[in-house]
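J.: Input: one structure, supplied below.
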Amino acid sequence: MSKYKLLSEHNTRTEGKQRLLHTKVLMNNKSEERGGRCVRYKCGQHTIQSVLRERPGWVEVKDEGEWDFTWCDVGWLKESFDNSYMEEHVRVNHFRNYYELSRKNLMVKNLKRYRKNLEKDVGHMEASKCDFFPCTFTLPSEYHLFVEEFKRSPGSTWIMKPVGKSQGKGIFLFRKLKDIMDWKKDGTRSEEQKDAAQVESYVVQRYIENPYLINGRKFDLRVYVLVTSYAPLKAWLYRDGFGRFSNTRFSLTSIDDKYVHLTNVAVQKTAPDYNPEKGCKWQMQQLRRYLTAKHGRETVESLFKEMDNIFVRSLQSVQRVIINDKHCFELYGYDIMLDHNLKPWLIEVNSSPSYIPSSQEDYEMKFRLLEDTLNVVDMEGRLTGKEKRVGGYDLMWNDGPVFREDVNLETSGSSCFTANTHLGCVNDREKQLRQLLKPFPRQKKM
């Protein structure tokens, strides 16, 4: 891993400059037109730091200096956001209560409420479009509800996850109630006792026992969605992403083997036979080509349309609870799993997805992702606000579905939207950015 951190520092001075030369020339032209105004930024994260340092006209601010843009961690958000005066142009990379979607128990709570409201207001058919997350309970508060469901399907496999942890920490599988008997005791405590004992909350989910396998191995998908506004909802889907594979062939005979069941890179890289050069990832384009070759274009397009539905519905589920702020944006990392029927399941959403690269290819993909995120956020004021595409991002939702240019609205189904999304398709971002960021003619002063 440290090797790629060094590569990161080196590439931002060499290969990165060559790869993004045309974009930078255009940005410099615009910077000159706007009087050469620089963007002052604060950032403490390594990979995004590399991207920011390469951006023309951006200057890092240390300590208590005034800033225009910050890529902060959630700790700063909790401590400083409400105490910071922000001018109109300032941008921050999190919404105030970002955790409504990224905290496992709150995500499920919001999705359940959203689905219930849909069923009441629109009907069962519409509500059924939210059946994309496994049966889930929060422990210890819903322990007794969980036990009732558990007894309806004896022998099934369940998975326990701490609500506030990531990278596979604290996760385990079980099939017997005795494996989690401590929760029964916790579930009967009073609220005062729980607070005193600081009981850690978990979610328990029905485990997907029939995952789609490639070469006998389980995998999940990491997809990136950028939200620039919740009121109205405006969301962008990135074309690149990847599949994260387990290092060991899938089997339900050993539910204690984390290298079989957990696809997190943080877990897989500790496997005895893990190869850091080869890694355990497929780029999204490779994965889409594989699925298309095996199942046909129509089936795969249907699968990706179902994933579009997951992204939009999950964002809508928190649209009324997220505190919208014109200063904020959020780059989410969605984790999606496929079962053997090619049904996509939402596993979780990350508001601080890892940008640490696991290979050179992974570094380049994340560099492109972060740079295009800055292009969409547009601190330089180069966009009109009417764009449907910026680099590798496609505008998926803008207070309603955004349709592809080539879609016939008369023949497209009225029961579901046809999103302007191209996940896993060709990402010719450099060509698109050259066209999008053409220098504008100089305007005469009034």
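J.: Given R₀ = 30 Å, what would the calculated FRET efficiency be for Asp325 paired with Phe172, taking r from the Cβ atoms and rounding to 0.05? Could you put the intermediate results ahead of the total?
T.: Details: r = 38 Å, r/R0 = 1.26.
Using R0 = 30 Å, I get an efficiency of 0.20.
J.: Next up: Does the stretch 113-182 come out rounded, prolate or oblate, given a ≥ b ≥ c as the square roots of the eigenvalues of its C-alpha gyration tensor, rounded meaning a/c under 1.5 and, failing that, prolate meaning a/b above b/c? All intermediate terms of the calculation are to be shown ahead of the outcome.
T.: Working: a/c = 2.37, a/b = 1.71, b/c = 1.39.
Prolate.
J.: For the pair Leu252 and Gln286, how long in nm is the line joining their label points, each one 7 Å along Cα→Cβ?
T.: Spacing of the two 7 Å Cα→Cβ label points: 3.0 nm.
J.: Semi-axes, largest first, in whole Å: what does sqrt of 5 times each Cα gyration tensor eigenvalue give for the stretch 308-403? Let's see the in-between values first.
T.: On the way: eigenvalues 107, 86, 40 Å².
Computed over the stretch 308-403, the values are 23, 21, 14 Å.
J.: Can you tell me the length gained on complete extension of the stretch Val61 to Glu88, counting 0.36 nm per residue apart and subtracting the Cα distance?
T.: Working: separation 27, 0.36 × 27 = 9.72 nm, distance 1.88 nm.
Residue separation times 0.36 nm, minus the Cα-Cα distance, leaves 7.8 nm.
J.: Do the alpha carbons of any pairs in Lys151/Lys281; Lys218/Lys294; Lys112/Lys343; Lys120/Lys388 sit beyond 26 Å of each other, and which pairs? Write out the running numbers ahead of the final one.
T.: Numbers: Lys151/Lys281 37 Å; Lys218/Lys294 17 Å; Lys112/Lys343 19 Å; Lys120/Lys388 34 Å.
In this structure, Lys151/Lys281; Lys120/Lys388 lie more than 26 Å apart at Cα.
J.: I've got another one for you. For the stretch 53-95, give the percent of accessible area contributed by carbon and sulfur heavy atoms, probe 1.4 Å, rounded to a whole number. Numbers along the way, then the final one.
T.: Values: 1050 of 2500 Å².
In the stretch 53-95, the share of accessible area belonging to carbon and sulfur is 42 percent.
J.: Hey, another quick one. Show me the GluC sites (Glu not before Pro) within the stretch 45-116 that DSSP assigns to loop and that have at most 15 other Cβ atoms within 10 Å of their Cβ. Intermediate results must be reported in sequence, preceding the final value.
T.: Details: sites: Glu54, Glu60, Glu64, Glu66, Glu79, Glu87, Glu88, Glu100; in loops: Glu54, Glu64, Glu66, Glu87, Glu88.
Passing both the DSSP loop test and the Cβ count: Glu64, Glu66, Glu87, Glu88.
J.: Here's another thing I want to ask about it. How are the alpha carbon pair distances in the stretch 62-110 distributed across 5 Å bins from zero to the largest one, expressed in percent?
T.: The calculated distribution, bin by bin, is 5, 17, 26, 22, 13, 9, 6, 2.
J.: So, one more: When the scattering of the stretch 288-357 is computed by the Debye formula from its Cα atoms alone, each counted once and equally, what is log10 I(q)/I(0) at q = 0.17, 0.23, 0.24, 0.26 Å⁻¹?
T.: -0.78, -1.09, -1.13, -1.21
J.: Quick one: 3J(HN,Hα) in Hz for the stretch 300-317, Karplus 6.51/-1.76/1.60 with θ = phi - 60°, rounded, Gly and Pro as x.
T.: Here the 3J(HN,Hα) series is 5, 5, 5, 4, 5, 5, 5, 5, 4, 4, 4, 4, 5, 5, 5, 5, 5, 5 Hz.
J.: Starting from the Cα-Cα distance between Asn215 and Glu361, subtract it from 0.36 nm times their residue separation and give me the gain in nm to one decimal. All intermediate terms of the calculation are to be shown ahead of the outcome.
T.: On the way: separation 146, 0.36 × 146 = 52.56 nm, distance 2.16 nm.
Taking 0.36 nm per residue and subtracting the Cα distance, the gain is 50.4 nm.
The values are calculated or read from the model by the stated rules, or taken from the named source; none is laboratory data. Because the structure is a prediction, the values reported are computed rather than measured. A quick note on method: Cβ atoms are made from the backbone with ideal geometry, for glycine too, and the neighbour counts reach across all protein chains shown. Keep in mind that these areas ignore ligands, DNA and RNA; they rest on the heavy atoms of the full protein, side chains included. Shrake-Rupley method; radii C 1.70, N 1.55, O 1.52, S 1.80 Å.
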